[in-house]
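Participant: What follows is a structure written as structure tokens; I'll ask about it next.
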Amino acid sequence: MRAALTIDNYGLDYLTASGVVPVLRDVSLAIAPGEVLGLVGESGSGKSSLAWALMRHLPANAREISGSLQLGDIDLQSLTAKQLTAVRGRRIGMVFQDPSTALNPTLTIGRQITEALMRHRDLNARDAKALAIELLGHVELRDPAAVLRRYPHEISGGEKQRVIIATAFGCRPDVILFDEPTTALDVITGARIIDLFARLRAETGVAALYISHDLAMMTRVADRVAVIRHGRIVEQAKASEIFSRPQHDYTRSLIAAVPRPERRLVHDIPGTDVLLQARGIEVQYGRAGLFRAAPPPATKAVDIDIRAGEIVGVVGESGSGKSSIARALTGLARFSGAISFDGGTLRGAGDMGAGYRRDVQIVFQHPDSSLNPRHRIGEILSRPLKLYGGDTAAVPRLLEQVRLPASYATRWPHQLSGGEKQRVAIARAFAARPRLVICDEITAPLDVSVQAQIIDLLLALRAETGAAYLFITHDLNLIRQIAHRIVVMRHGQLVDSRAIDAFGTDDVHPYTRELMAASPAPVG
């Protein structure tokens, strides 16, 4: 039987101002009809470049130097632009990491799905609409006809990803490429997307290349797994074998970096002194208008205590209010209720003086949007030093404190990797010598090995400075490694709060139990 997709001895370079950058070397993979091949590796390993090569959507500076790409009986590299238009979607589809960028914000969901179905299924407008409604119902979206009338910004991230998946499967391709489709989603939504994928795959028999850096999740979706490092495939095996009996040292290192709840990284007991006490915190976005009611509050009377030196984890699905709490505690969102800190009471951003803003810092999820692209790293780190009475000569020390070379002070943010940028964001927070650092999903976009390095760095900084952390995440396996206490939020309410030793006991809230069930079992 001919393979659905064959990659043979493929090589790819990028031509840059600094010279030739090798991206892929001697890559050979084959996917049988109906098979799911998982591709795992760190950021920069070439995973996404391979997907873009298969979709024939490479940048202008890309150079294919060897090998072939075969979709069934089609030589992908020989196709003209017109022929590619007929193949994309109809024979090979793709589901992207961030559904917000995959959907056109100026077109309704209905128009985007029906256009794809009309082009690739040769349907008229009426039949395409009927099939679109059927497909959206099949991916378990409520009121599909109403979803068709909405724009992308009017539905959630999980709903957008279901739309993308429905469109991809609805075009009935031979192969679908999945490029980190659950990375941007919370654990429960991600688990539902994985279940949806498994059901649609069983129904359609589609073959898939499933790209991810989440090794634990890969055991739930892939028949076989290939491990890629620096553009080369270093190991291939059945998914049931590769994580239990890895052969390559690199595979072993990836597995060792996967968070495991029983592998606790913090063993001390924090003091009893309360550093910050929040009572009745409610965050409201938007107000009632002449013809509309006010939206529901993002958080509802939330109470949180954080002791000096304590690590408190905040978990919950998207929209649960986790980030709204972070924004309230840092004065980035208006709130009602009260915050007690250092003997004072704060009822809004206006009460947060320089002392509080120095003592309570925040690190955001995406350093690309939190670091000024027009400022060099040295300028970015100098600003908090100037604001809070530090010495700008300390910039090299700050960089070394987060395990970056002092020479990085002259670089621009775009010259750093994602993990390096996040280290700069952490250095900026610690430049103020804070007593509490709020970490808002700071490891979510990072691959497993970089995530492990960032966690090790944060724990070292805590040991050095005594800072407490409010660590917001949807990775239960990770937070159970490092937190002293975990609070669980759902629909803006705090539904569970317990010490780490009591987490997982029989009396946890039903939603906490649901979160635990949705978390991938650790590999290895």
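The values are calculated or read from the model by the stated rules, or taken from the named source; none is laboratory data. Keep in mind that what you see is a predicted model, and the values were worked out from it rather than measured. As a convention, Cβ positions derive from the backbone with ideal geometry for all residues, glycine included, and neighbour counts pool all protein chains shown.
Participant: If you take the residues in region 3-37 that are among the small types (Gly, Ala, Ser) and in a strand (DSSP E or B), which one is farthest from residue 59 (Cα to Cα)?
Facilitator: Within region 3-37, the first condition is being among the small types (Gly, Ala, Ser), and the residues that meet it are 3-4, 11, 17-19, 28, 30, 32, 34.
Now narrow it down to the ones that are in a strand (DSSP E or B): 11, 19, 28, 30.
Values: 11: 15, 19: 16, 28: 22, 30: 24 Å.
Checking each candidate, the answer is 30.
Participant: Okay, moving on. Pick out, from region 174-257, the helices (runs of 4 or more DSSP H) lying fully within it that include 3 or more residues that are under 23 Å from residue 453 (Cα atoms).
Facilitator: Numbers: elements: 187-204, 215-221, 239-242, 249-257.
Counting at least 3 such residues, we get 215-221, 249-257.
Participant: Suppose the filter is in contact (Cβ under 8 Å) with a residue 60 or more places away in the chain and aliphatic (A, V, I, L, M); does residue 308 pass it? Steps first, please.
Facilitator: Numbers: in contact (Cβ under 8 Å) with a residue 60 or more places away in the chain: yes; aliphatic (A, V, I, L, M): yes.
So residue 308 fits the description; yes.
Participant: Moving on. Got a sec? Which helices (runs of 4 or more DSSP H) wholly within region 321-383 have at least 3 residues that are in contact with a helix residue (DSSP H, G or I) (Cβ under 9 Å, 6 or more places away or on another chain)? Walk me through how you get there before you give the answer.
Facilitator: Working: elements: 322-329, 354-359, 367-370.
Filter on region 321-383 gives 354-359, 367-370.
Participant: Does residue 519 fit the bill of being closer than 21 Å to residue 420 by Cβ, at pLDDT below 90 and among the hydroxyl-bearing types (Ser, Thr, Tyr)?
Facilitator: Criteria not met by residue 519.
Participant: So, one more: Every residue in region 258-283 that is modelled with pLDDT under 90, surrounded by 11 or more Cβ atoms within 10 Å (Cβ to Cβ) and over 30 Å from residue 453 (Cβ atoms), please.
Facilitator: none
Participant: Looking only at region 333-364, which residues are surrounded by fewer than 21 Cβ atoms within 10 Å (Cβ to Cβ) and within 15 Å of residue 441 (Cβ to Cβ)?
Facilitator: Residue satisfying the conditions is 364 alone.
Participant: May I ask you to verify whether residue 317 is under 30 Å from residue 478 (Cβ atoms) and modelled with pLDDT under 95?
Facilitator: yes
Participant: Of everything in region 511-524 that's more than 15 Å from residue 320 (Cα to Cα) and over 20 Å from the mean Cα position of the chain (by Cα), which residue is surrounded by the fewest Cβ atoms within 10 Å (Cβ to Cβ)?
Facilitator: Among those that are more than 15 Å from residue 320 (Cα to Cα) and over 20 Å from the mean Cα position of the chain (by Cα), it is 513.
Participant: Please enumerate the residues belonging to region 31-50 that are among the hydrophobic types (A, V, I, L, M, F, W, C) and either under 25 Å from residue 421 (Cα atoms) or in contact with a helix residue (DSSP H, G or I) (Cβ under 7 Å, 6 or more places away or on another chain) (or both).
Facilitator: 36, 39, 40, 50
Participant: Let me ask you something else. From the list 461, 478, which one is at pLDDT below 95 and either in the same structural domain as residue 509 (by TED's automatic domain parsing) or surrounded by fewer than 20 Cβ atoms within 10 Å (Cβ to Cβ) (or both)?
Facilitator: 478 is the lone residue from the list that is at pLDDT below 95 and either in the same structural domain as residue 509 (by TED's automatic domain parsing) or surrounded by fewer than 20 Cβ atoms within 10 Å (Cβ to Cβ) (or both).
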